[in-house]
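Following: one structure in structure tokens, then a few remarks.
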Amino acid sequence: MAMARKSAASALAGAGKRMMSAKSGWWTHVEPAPRDPILGVTENFLKDSHPSKMNVGVGAYRNNEGKPVVLECVRKAEAKIAGSDLMEYLPMGGNVKFNDLSVQLAYGENAECLESKRVASIQALSGTGACRLLAEFQKRFQPDSQILIPVPTWANHHNIWKDAHVKAQTYRYYDPKTKGLDFSGLVEDIKNAPSGSFVLLHACAHNPTGVDPTAEQWREISAVMKKKEHFAFFDMAYQGFASGDCEKDAQAIRIFMEDGHQIGCAQSFAKNMGLYGQRIGCLSIITDDQTQAATVKTQLQLICRPMYSNPPVHGALIVQTILSNPELKQLWLQEVKGMADRIISMRHALRENLEKAGSQLSWQHITNQIGMFCYSGMTPEQVDRLTNEYHVYMTRNGRISMAGVTTKNVEYLANAIHEVTK
Amino acid sequence: MSISTVALSTKLSGASLLETSLLPKQNFSRSSRVASFPAASRPNVGVQVRNNGVSFTPAQSDSSPGKLHRRTRMSAVAKESDASVSTTTDSGSSFAHVQQAPEDPILGITVAYNKDPSPAKVNLGVGAYRTEEGKPLVLNVVRKAEQQIVADKSRNKEYLGITGIPSFNKLSAQLILGSDSPAIAEKRVVTVQGLSGTGSLRVGGEFLARHYGGQKIIYVPSPTWGNHLKIFPLSGVETRTYRYFDPKTKGLDYEGMIEDLRNAPNGAVVLLHACAHNPTGVDPSQEQWEGIRRVIREEKQLLPFFDSAYQGFASGSLDTDAWAVRQFVNDGGEAFIAQSYAKNMGLYGERVGALSVIVKGAEVATRVESQLKLVIRPMYSNPPTHGAAIVSVILSDKDLFEEWKVELKDMADRIISMRHQLFDALKERKTPGNWEHILNQIGMFTFTGLNKQQVEYMTREHHIYMTLDGRISMAGLSSRTVPQLADAIHSAVVNFSSYMLKWFARSSKIESKLANTENESHYQR
């Protein structure tokens with residue numbers, strides 16, 4: 001990640017200093033950009049022809065046959081909407097019904113902030129787009145504030161706030177010694193940040209570590225942040241996908257709302273509805289009252305218009321169809337629990353197989369961690385060996401996407417990990 | 001009407017139609033949006049707005065009570081902007097100081113239209129095609145393609161790569177450049193899937209700001225689609241204008257355009273509408289295009305950036321509408337092209353488009369592609385599948401492609417017939433003025449020449465919804481509504497004819513000069 005930033009910076013430094021000409025071309029000075037650390041893994045995986053190759057890189061769900069899944073509720077919804085007339089431009093803020101259903105899911109159907117209509121919500125291009133909108137909004141309306149980002153985090157978080165020209169600071173999160181949460185470090189760093197900072201929090205199933213605070217710890221974090229008047233921004237990409245229960249996965253948000261925080265939230269339906277390529281998500285901000293919510297929304301729209309004018313129709317329609325139809329919604333809840341359960345069972349299987357292989361190390365973090373990813377604790381060198389010798393593709397920070405593990409390949413993976421770590 | 005009045009009334013009512021017109025010489029920065037957010041991030045035409053060097057004051061003293069700190073920060077913001085800031089410390093919101101933004105001048109028309117209870121209302125605002133029955137149209141080929149996609153169980157909903165569907169990109173490049181394009185054969189074309197025209201322009205703009213070795217200045221025609229004036233400054237590219245529309249002839253100010261391009265610094269970027277100029281409908285002739293090309297390529301060293309939103313939709317022929325773009329690419333030079341499938345495939349809401357960058361050298365193309373990815377990833381990671389999959393199916397299937405061309409021509413022909421019907425209706429009513437431009441202009445829009453007062457009158461009294469610059473979307477007309485529009489135009493022209501003269505002056509400055517001149521001449525007599 002640091003490597004990527006440095007190369008990009010040097011590429012930027014090269015540009016603009018040289019006055020190229022039309023004759024030789026305006027772009028000969030452009031440096032090749034480094035491969036995206038996450039998406040680049042899949043690119044390499046695809047090039048490999050080894051029969052035992054495994055892709056545990058990108059966080060896209062696979063079934064036990066290792067195949068991508070289109071949920072049945074999604075197919076049904078799509079069949080309903082196919083052939084509709086609805087290809088016209090959405091308003092800049094997106095599909096309003098989708099927005100309403102989305103925030104109901106995040107905040108709870110009977111949430112007071114929803115009843116008093118003080119939530120500004122806007123359809124966004126999945127989680128990335130929602131984060132980017134918030135970052136741009138932060139830059140415009142709280143230009144002196146900074147964003148506090150956990151260490152580690154999804155690499156693209158840094159890119160997003162950087163491109164929005166918002167200063168970023170980090171806070172301690174993962175403790176490599178315990179392979180759990182560095183709670184005291186987290187609290188200290190949040191306390192030491194300037195008042196009114198924006199704090200990026202993973203609502204559940206922290207990416208890449210899978211380490212989440214307990215309810216008690218969330219309460220304490222909430223209290224500290226209230227005192228410092230920090231702005232809580234939740235990136236929720238795995239609601240329902242972590243524990244199998246949508247309410248449980250939103251508990252951090254519920255706690256913060258109870259404590260009176262006016263949070264912001266980025267939701268993604270990429271994983272929990274398997275709508276990855278549809279780019280469907282939602283950015284919401286809790287405000288003082290209905291008027292302010294409407295006002296904030298108009299300003300968010302001003303950010304969308306010169307970026308993409310209005311968001312894509314299709315994914316929003318699918319989500320709206322599912323969430324507004326009781327039968328389809330039930331089906332969805334079952335299917336998302338099914339995905340979560342399979343992941344949890346793979347965690348157990350991987351740990352058991354490692355112990356069976358005779359590994360002397362502790363692997364209990366595999367089952368302690370939650371969500372799609374397991375932060376194995378392997379070093380980049382060990383990961384390289386895993387890739388080069390065993391054709392197992394993953395990101396060099398040692399993150400394993402459990403979604404890529406199946407009953408058929410878990411033993412192979414366990415043995416390979418054991419070999420490079422013993 | 002003075003600008004300050006406009007600003008005031010827009011501040012009072014977010015849904016007001018009173019937005020400064022996009023006519024030339026109107027400084028965009030004087031729009032009411034000035035009131036909306038702090039000076040640091042106010043998009044201004046002609047000024048580079050991107051604050052690349054972010055300066056942060058080290059934390060305001062942490063020992064100060066939280067409440068006091070919030071008030072200090074909010075009033076600091078208030079000093080910079082006109083925004084009135086709530087100083088109450090009861091507010092829990094970090095955004096209490098945010099002001100209501102004005103409606104988008106174009107999309108706001110539809111909002112206002114929807115609110116109007118009159119059954120006689122006509123929406124000639126946003127450029128979305130309507131059938132003779134006034135209904136949106138989903139093309140048959142699109143329905144077929146969609147059914148195919150939905151029924152195909154082997155397809156999944158996985159993430160696309162950052163640059164989108166490879167076959168879509170390839171076919172899009174072929175569509176605009178011609179499948180026999182030497183640039184494609186020489187592998188000098190990089191194409192990335194984008195979020196329709198807007199998204200493709202934005203990615204192109206961001207890339208220019210970061211990597212362009214020439215002048216980070218883009219010249220856009222005057223007038224142009226309003227969103228151009230937001231996209232490029234926000235990308236970090238200084239935006240200037242070149243003369244384009246001649247209100248006297250209601251055609252192209254060719255001499256003015258050439259002169260302005262000649263005066264541009266070498267290395268600057270020039271935004272060109274590939275066909276069916278929005279909002280005027282005025283396109284250069286082939287001869288004029290060649291003259292423009294020679295200035296850009298041979299007399300000067302300027303980089304062309306084409307916005308192609310209407311290929312096939314303007315004349316009814318895909319190749320004819322791509323002629324200008326191909327001239328510029330076939331001469332071996334470099335170019336940017338933003339394509340949109342919103343209108344010509346009716347895929348508006350699916351947000352399907354492409355950005356193509358044509359460079360000198362295949363190795364350069366590879367590096368450029370890698371850097372484009374770095375722009376896209378922190379914006380939305382990867383593009384939406386659905387719309388691009390539809391386009392890919394249609395463009396790669398011979399029968400569907402032919403069928404599409406027929407449907408496209410039908411849409412273009414209906415628009416052309418609406419032009420004739422409107423022209424005839426005004427002639428019948430002996431409406432004062434020369435209305436030939438309705439026939440001469442091309443594409444979805446007609447730049448009527450009506451001024452703001454006349455437009456407001458037409459909206460108020462005749463429920464005709466259109467943008468304040470006098471632009472009407474012909475696509476929104478039908479045989480049934482042409483008479484109503486003709487009546488409204490006739491009435492507006494007759495009732496507000498004294499303003500027609502002032503409108504020709506094109507700007508409020510000259511307007512007031514004229515007013516003064518009138519007073520003077522009165523005294524001189």
(request) Using only the alpha carbons of segment B:299-362, determine the length spanned along each of the three principal axes and report them from longest to shortest in whole angstroms. (result) 38, 23, 20
(request) Just grab the label-to-label distance for A:GLN334 and B:ARG155, each label 7 Å out from Cα along the Cβ direction, in nm (one decimal). (result) 2.7
(message) Give me the base-10 log of I(q)/I(0) for segment A:183-258 at each q in 0.13, 0.27 Å⁻¹, Debye formula, one uniform scatterer per Cα, rounded to two decimals.
(response) -0.36, -1.39
(message) If I take R0 = 45 Å and measure r between the Cβ atoms of A:GLN217 and B:LYS187 in this structure, what FRET efficiency does the formula 1/(1 + (r/R0)^6) give, to the nearest 0.05?
(response) 0.25
(request) Tally the DSSP beta bridges in chain A and give the antiparallel ones as a percent, rounded to 5. (result) 50
(message) Debye calculation, C-alpha points only, no solvent: report log10 I(q)/I(0) for segment B:308-448 at q = 0.09, 0.11, 0.12, 0.14 Å⁻¹, in the same order as the q values.
(response) -0.41, -0.58, -0.67, -0.85
(request) For an R0 of 60 angstrom, estimate the FRET efficiency from the Cβ-Cβ distance between A:ASN44 and A:GLU112 and round to the nearest 0.05. (result) 0.75
(request) Give, as a single signed number, the net charge of other residues whose beta carbon lies under 15 Å from the beta carbon of A:LEU39, with Lys and Arg counted +1 and Asp and Glu -1. (result) +3
(request) For chain A, give the magnitude of the charge dipole about the Cα centre (Cβ charges: +1 Lys/Arg, -1 Asp/Glu; no others), in debye to the nearest 20. (result) 1140
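Which loop trypsin sites (Lys or Arg not before Pro) in segment B:138-180, with loop taken from DSSP, have no more than 11 other Cβ atoms within 10 angstrom of their Cβ?
Here the trypsin sites (Lys or Arg not before Pro) that fit, given the DSSP loop and packing criteria, are B:LYS153.
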(request) Please name which of A:TYR171, A:ALA124, A:GLN104 has its Cα lying farthest along the dipole of segment A:90-324 towards the positive end, using unit charges on Cβ (Lys, Arg +1; Asp, Glu -1) and the Cα centre as origin. (result) A:ALA124
(request) Evaluate the relative contact order of segment A:74-131 (contact order divided by residue number), counting alpha-carbon pairs under 8 angstrom at least 6 apart; express in whole percent. (result) 34
(request) Return the distance in nm (one decimal) between the two label points of a simple spin-label model at A:LYS67 and A:ASN325, each offset 7 Å from Cα along Cα→Cβ. (result) 2.3
(request) Count the net charge of all other residues whose Cβ sits under 11 Å from the Cβ of B:GLY127, scoring Lys and Arg as +1 and Asp and Glu as -1. (result) +3
(request) Starting from the alpha-carbon convex hull of chain A, give the projected area averaged over all orientations, in nm². (result) 22.7
(request) For peptide A:80-86, compute the average count of partner chain beta-carbon atoms within 10 Å of each residue's beta-carbon. (result) 3
(request) Report the longest stretch of chain A that contains none of the GluC sites (Glu not before Pro) sitting in a DSSP loop with at most 12 other Cβ atoms within 10 Å. (result) A:110-422
(request) Classify segment B:174-316 as rounded, prolate or oblate from the Cα gyration tensor: take a ≥ b ≥ c as the square roots of its eigenvalues, call it rounded if a/c is under 1.5, otherwise prolate when a/b beats b/c and oblate if not. (result) rounded
(message) Given a Förster distance of 56 Å, report the FRET efficiency between B:ASP319 and A:SER345 from their Cβ-Cβ distance, rounded to the nearest 0.05.
(response) 0.45
(request) Evaluate the distance, in nm, between pseudo-label points positioned 7 Å from the Cα of B:ARG460 and of A:VAL151 along their respective Cα→Cβ axes. (result) 6.4
(request) Based on other C-beta atoms within 10 Å, arrange B:VAL393, A:VAL96 from fewest to most. (result) A:VAL96, B:VAL393
(request) Determine the dipole magnitude for segment A:90-324: charges of +1 sit on the beta-carbon of Lys and Arg, -1 on that of Asp and Glu, nothing else is charged, the reference point is the Cα centre, and the result goes in debye to the nearest 20. (result) 660
(message) Return the equivalent ellipsoid semi-axes of segment A:90-324 as a descending list in whole Å, where each equals the square root of 5 times an eigenvalue of the C-alpha gyration tensor.
(response) 26, 19, 18
(message) Helix-only mean residue ellipticity at 222 nm, chain A, DSSP H runs n ≥ 4 weighted -39,500 (n - 2.57), per residue, nearest 500. What is it?
(response) -14500 deg cm²/dmol
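Report, as an integer, the average count of C-beta atoms from other chains found within 10 Å of each Cβ along B:338-348.
2
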(message) Which one, A:VAL224, A:TRP161, A:ALA203, projects farthest toward the positive side of the charge dipole computed for segment A:156-272 from Cβ point charges (K/R +1, D/E -1)?
(response) A:TRP161
(request) Distance between Cα centroids, segment B:301-319 to segment A:206-223: provide it in whole Å. (result) 53
(request) Could you tell me what fraction of 2.2 N^0.38 Å the Cα radius of gyration of segment B:387-477 comes to, as a two-decimal ratio? (result) 1.42
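Read-outs throughout are calculated quantities, based only on the coordinates presented, and are distinct from any laboratory measurement. Nothing here was measured: the structure is a model prediction, and the numbers come from that model. Methodologically, a virtual Cβ is constructed for each residue, glycine included, from the backbone with ideal geometry; neighbour enumeration extends over all protein chains shown.
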